[in-house]
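The values are calculated or read from the model by the stated rules, or taken from the named source; none is laboratory data. Quick caveat: nothing in here was measured; it's all calculated off a predicted structure. A quick note on method: Cβ atoms are made from the backbone with ideal geometry, for glycine too, and the neighbour counts reach across all protein chains shown.
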Amino acid sequence: MSELRTNRIVPRDGMVAGAAGGIIQLVSITKTDPFNTQSTSYTDVTGLSATINIQSASSKVFVLITACGNTNGSKGYGQIVRGSTPIAIGNADGSKIRATFDMNNAGSGNRGQSYVAQTLDAPGVTGNVTYKLQVRHENGSGDVFINRIADTNDSAVNGRYSSTITLMEICA
């Protein structure tokens with residue numbers, strides 16, 4: 001049995017000077033069960049985290065998170081987190097909530113919304129690095145829902161969803 005191992009694949013004509021961008025590895029996790037929280041502090045979305053073993057400190061990590069759900073009682077917020085550090089969030093500005101994306105109240109309990117968050121991160125380390133999605137409610141007067149909606153009726157218009165986090169190590 002033959003085995004081929006490589007840390008990098010370069011086009012047959014080579015890469016032009018200063019070029020980068022080859023994908024070294026890809027990790028993807030899909031969450032299919034529902035999650036909800038009333039927390040007004042950012043909370044990990046259980047099961048929506050992934051760990052990548054970075055091969056080179058000069059690599060970048062492309063993070064892509066897709067989720068679906070809604071909020072009730074008011075709006076919510078989502079953020080990408082590396083380890084315990086929020087990344088790809090807005091600048092501080094008074095008492096405004098820093099987030100990667102806003103989760104507007106769907107206006108109706110049976111309307112789901114899709115949320116997409118992505119960033120190209122440069123962690124500058126090797127070894128295992130974990131990325132995850134955290135969400136929070138604006139004021140605790142309702143819930144933030146992932147992979148489900150607020151309406152719990154058994155109806156053909158009410159959906160159940162899946163969410164995915166995909167990590168790609170990119171050579172730099």
Item to check | Close pairs (6 angstrom Cβ cut-off, 6 or more residues apart or separate chains): in contact (Cβ under 8 Å) with a residue 40 or more places away in the chain in the range 69-86, among the basic types (Lys, Arg) and surrounded by fewer than 18 Cβ atoms within 10 Å (Cβ to Cβ) anywhere | outcome: none
Next on the checklist: Can you say whether GLY47 is modelled with pLDDT under 95, farther than 19 Å from ILE170 by Cβ, part of a strand (DSSP E or B) and not charged (D, E, K, R), as far as the supplied structure shows?
Outcome noted: no
Checklist entry - When only residues in the range 83-104 that are among the hydroxyl-bearing types (Ser, Thr, Tyr) and closer than 24 Å to PRO123 by Cβ count, which is surrounded by the most Cβ atoms within 10 Å (Cβ to Cβ)? => result THR100
Item to check | Failed item, numbered, when ILE80 is tested on (1) among the aliphatic types (A, V, I, L, M); (2) within 19 Å of ILE165 (Cβ to Cβ); (3) surrounded by fewer than 19 Cβ atoms within 10 Å (Cβ to Cβ) | outcome: (3)
Next on the checklist: Under 8 Å between Cβ atoms, which residue pairs at least 6 apart in sequence (or on different chains) link something in the range 124-143 that is on the phi > 0 side of the Ramachandran plot with a partner that is part of a strand (DSSP E or B)?
Outcome noted: GLY127/ASN53; GLY127/ILE54
Checklist entry - Quick check: is even one residue across the range 110-124 hydroxyl-bearing (Ser, Thr, Tyr) and surrounded by 12 or more Cβ atoms within 10 Å (Cβ to Cβ)? => result yes
Checklist entry - What are the residues in the range 79-101 that are at pLDDT 95 or above and in a strand (DSSP E or B), if any? => result GLN79, ILE80, VAL81, ARG82, THR85, PRO86, ILE87
